[in-house]
Each structure stands twice: as structure tokens, then as C-alpha cells.
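A short write-up of the structure that comes next.
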Amino acid sequence: GEHYIIAAQRVIEDAVDHGVCIQAECWVCLSLTLHIVKFTNWVITHHLSVSPRFLLQINCVTFPLPGEGPEQQLLKPDEWSYCDYFWADRKDPQCTTSVTGFEVLLQKQLKGKQLQKEMAEFIHERIKIEEEYAKNLSKLSLSPLAAQEEGTLGEAWTQLKKSLHDEAEVHLKFSNKLHTEVEKPLLTFRGDNFKKDLKKYDHHIADLRKQLASRYASVEKARKALADRQKDLEVKTQQLEIKLSNKTEEDIKKARRKSTQAGDDLMRCVDLYNQTQSKWFEEMVTTSMELEKLEVERIEWIQQHLRQYTTLRHETDMFNQSMVEPVDQLLQNVDPAKDRELWVKENKTGDVRPVDMDI
């Protein structure tokens, strides 16, 4: 669009220069000049307007209109990558302000950090339950209840109480391992420096976005200046049609030069805007993929340590099973007849039975 304006201005310049020589005999040329100026203004309106053809400006970022222009291909097809789906801004449901796509990605990182902390708190509560359970098992194993049971049943009962003590030790070790191998890693993974790193990302992208907004404002200012210069040129050309004078012709030349300069300024501003947007685009791709990598690492880290939880849990069950096996064996060996024999031998009061009385 800018090239059309410059070309039209050059035609105006040639026409007016010839008009100065021909003067009154050049009404056709002047009429043509006026139509060219009007055409130039049409070009301004339709090709360098705030919303150029096939383009959509949203918060100082240029997007293609839906269904217009060549279809864009995803940077990483079939991967649902961050670098493909967070270019637009999103309205904050809490207020009227907008949240950038990059801020959405940062919020995901902060939320992941919070959820990771909550998981560590959950494991801590699990540890407390395990410790309390171990404490109660150990206390119960020392209970004097049924301590006087004798025989094979007494041996099985004693082993059962001892197994409670052994099981308490297993659960205590389980709780200790949960702390060192699950809870602590979840707490210490990406410490306080992680938030500082996210702030660096945030400030970097935000600065580029501010630069883009500034460049966009410059484009709009230059666009308005060009429109004003073109309007001024059209007015002076109309005046030349009404009254020919050297002064009017000089004014037209001056207006034409200013209009040409305004067109050059607009092209320069658009070029600087495109350079800034390109830089922002590159940094968005690089940084969003870095955040994607961080999220993959977080999920894999949590997965690894939750699997460690299940491994420790299986180990605990195996140890507990081994604690119960001796009890099972002794219970299988319980012999009521033998217990009766042992008890009778220790507690018998005599084996001579009463007989009938004689007269």
C-alpha cells in the first residue's frame, strides 16, 4: 500500500510541474491530478488503515483475518506444543483486563509448583499416620492382655504380639523412607530460585511486548500524519483548480514533499514494528518451549517419586507378610490335645478316682 502512495505522489509532482508551464491550458492535467490525489487518499484508507486488508490488530499484535490469506501450519504438529497455542491474549474472568498467552503459561508453572507443594504436604500427613500407627502397634505389643495363655496357643499368641512390635518397626522405617525419598524431594525440587527464573522470563517477554506496543503507537501516529498530509495536498490541489498562482503551486510542492516524507516515515515505522514483532515471536517460541520442557521435567519428577512411594508400600507389605508368617506357622501347630496335656500335668490335683463306700 505504501508503494501506491509514493507512486501517486510522483505522478502528482510531474503533473503539477507541467501545470506550472502550461498554466491555464492545463485544466485537464489539473483535473487528473485531483483524481490522483483522491485515489491516493483511497489507498491510504484501504491499504494503510488501522486494520489493513487480511490483517487484524489485537492489543498491538498483528494477526491474519480468519479465513484470509494462506493457511498457517503448526510449528510442532500433533504435539499440542505450547509454542503453537498461546499467541492471543485472553480476557481475565475476574476483571476486564486481558491476560497474555505467555502469562497463562507462567501461571501454569506457578500452579504446578503449588500442586507439587500440596503433594508433599499430603505425603507428610501420610507419614504422620504411619508414625502414629507404628507407635500404637509398638505400645500394643507390650500389652499384658492374655499374657498367661499357655501351651502351643500361648506360643502363637506371644509370637503374634511380637509380630506387632516387628511390624511397628517396618512402618517406622517406611515413614522414614517416605520422608527422605518422597516428601523431601517433592519439597526441594526447584526451590525459591525457580520463581526468580520465572520472573526473568516474564520481564523479558513483557519488555518485548511493551516495545511492540510502542512501535505500534508510532505506526498509528505516522499513519495519521500521512493521512493529514494527503488531505492537505488534496485541499491545495483543489485551490489550484480554482485559482492559478505561483504561491499555490509552491504550496503544493511543499505539501507534496511533506506527504512523501510522511509516507517514508510510515514505511520506516512499519518496518521497525515488524522487526520488533519478529523478535517477540522468536522469543515467545524459544521461551514457551523452555516452559514446556520444565513442565515435562516436573511431571516426570513427580511420577518418579510417586512410583517410589508405591515401591516402598509394596516393600512394607512384603515385610509385614514376613512378620505374619511365623504367626501362621505357630497357629497351624496349635494342638488342643497337647495344650490339655501340658496344662493337666502342671495343674492336676490327683488321678485317683473316688470309689463306692463300703458298710
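Long-range amide H contacts for LEU56: which residues qualify at under 5 Å (H placed 1.01 Å from N, peptide plane, sequence gap of 5 or more or a different chain)?
So LEU56 has HN proximity to PHE63, LEU65.
Note down the relative contact order for the range 222-330 as a percent, whole number, built from C-alpha pairs under 8 angstrom at least six residues apart. If you can, show how the numbers build up before the last one.
Values: 27 pairs, mean separation 27.6, N = 109.
Relative CO of the range 222-330 lands at 25 percent.
Among the trypsin sites (Lys or Arg not before Pro) in the range 278-350, which ones are in a DSSP loop with at most 16 other Cβ atoms within 10 Å of the Cβ? Mind listing them? List each step's numbers first, then the result.
On the way: sites: LYS279, LYS293, ARG298, ARG307, ARG313, LYS338, ARG340, LYS345, LYS348; in loops: LYS348.
Here the trypsin sites (Lys or Arg not before Pro) that fit, given the DSSP loop and packing criteria, are LYS348.
Report the extension gain between TRP301 and HIS179 in nm, rounded to one decimal, defined as 0.36 nm multiplied by the number of residues separating them, less their alpha carbon distance.
Working: separation 122, 0.36 × 122 = 43.92 nm, distance 1.58 nm.
Gain on extension, TRP301 to HIS179, equals 42.3 nm.
Set the Förster radius R0 to 41 Å, insert the Cβ-Cβ distance between VAL352 and LEU145 as r into 1/(1 + (r/R0)^6), and round the FRET efficiency to 0.05.
Working: r = 37 Å, r/R0 = 0.91.
That gives a FRET efficiency of 0.65.
Please get the size of the charge dipole for the range 126-182, origin at its Cα centre, with Cβ charges of +1 on Lys and Arg and -1 on Asp and Glu, quoted in debye to the nearest 20.
Working: 8 positive and 10 negative charges, 54 e Å.
It works out to roughly 260 debye.
Can you list which of the GluC sites (Glu not before Pro) found in the range 136-211 are DSSP loop residues with at most 16 other C-beta atoms within 10 Å? Write down the numbers at each step before the final one.
Working: sites: GLU149, GLU150, GLU155, GLU167, GLU169, GLU181, GLU183; in loops: GLU149, GLU150.
Filter output for the range 136-211: GLU149, GLU150.
Loop only by DSSP, 12 or fewer other Cβ within 10 Å of the Cβ. Give me the trypsin sites (Lys or Arg not before Pro) in the range 143-249 that pass, ordered by residue number.
LYS243
Read the figures in this text as sums done on the coordinates, not as results from a lab. Remember, predicted model here, so these are calculated numbers, not experimental data. Cβ coordinates were reconstructed from backbone atoms using ideal geometry, including for glycine residues, and neighbour counts include every protein chain displayed.
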